[in-house]
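*Asks:* Here's a structure for you.
The values are calculated or read from the model by the stated rules, or taken from the named source; none is laboratory data. Everything numeric in this text was worked out from a predicted model, so none of it was measured. Areas reflect the complete protein model, heavy atoms only, side chains present, ligands, DNA and RNA absent. Shrake-Rupley method; radii C 1.70, N 1.55, O 1.52, S 1.80 Å.
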Amino acid sequence: MKSTGIVRKVDELGRIVLPIELRRTLDIEVKDALEIYVDGAQIILKKYEPACIFCGNAKDVVNFKGKNICHDCLAEMAAAGSK
């Protein structure tokens, strides 16, 4: 893991500010969702990318009845249903 050398304080509401340089580098826009992971004593933030519930693929994902499914798995399900 690489240190950025950036230090930020947590405010009274538990918020921190991600510097604009970091947001630009990681392509994080206003209102983008971030996933929060914990690894021991570390907090890891990752830009949220919806992934297929079956294969984990994050490309060509559609929402079908509240679930994220990629086109490949959706086609496979459709083929299995037509048999």
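*Asks:* Of the accessible area of the chain, with the probe set at 1.4 angstrom, what percent is carbon plus sulfur?
*Replies:* Of the solvent-accessible surface of the chain, carbon and sulfur hold 56 percent.
*Asks:* Another question, if that's okay. Note down, for the chain, the three equivalent ellipsoid semi-axes (square root of 5 times each alpha carbon gyration tensor eigenvalue), biggest first, whole angstrom.
*Replies:* Working through the eigenvalues yields semi-axes of 36, 13, 12 Å.
*Asks:* Still on this structure, I have one more. Could you tally up the Lys pairs in the chain with alpha carbons closer than 23 Å? Skip any pair fewer than 8 positions apart unless they're on separate chains.
*Replies:* Final tally of qualifying lysine pairs is 15.
*Asks:* Normalised by the residues of segment 13-59, what does the relative contact order come to in percent, with Cα pairs under 8 Å and at least six apart?
*Replies:* 22 percent
*Asks:* Can I ask one more? In deg cm²/dmol, rounded to 500, what helix-only [θ] at 222 nm does the chain give when every DSSP H run of at least 4 residues adds -39500 (n - 2.57) and the total is split over its residues?
*Replies:* Counting only the DSSP helices, I get -5500 deg cm²/dmol.
*Asks:* Before anything else, pin down the relative contact order of the chain: Cα pairs under 8 Å, at least 6 apart, normalised by residue count, whole percent.
*Replies:* 13 percent
*Asks:* Between helix 71-81 and the chain, what is the angle of the helix's C-alpha long axis to the longest principal axis, kept within 0 to 90° and rounded to the nearest 10?
*Replies:* The angle comes out at about 30 degrees.
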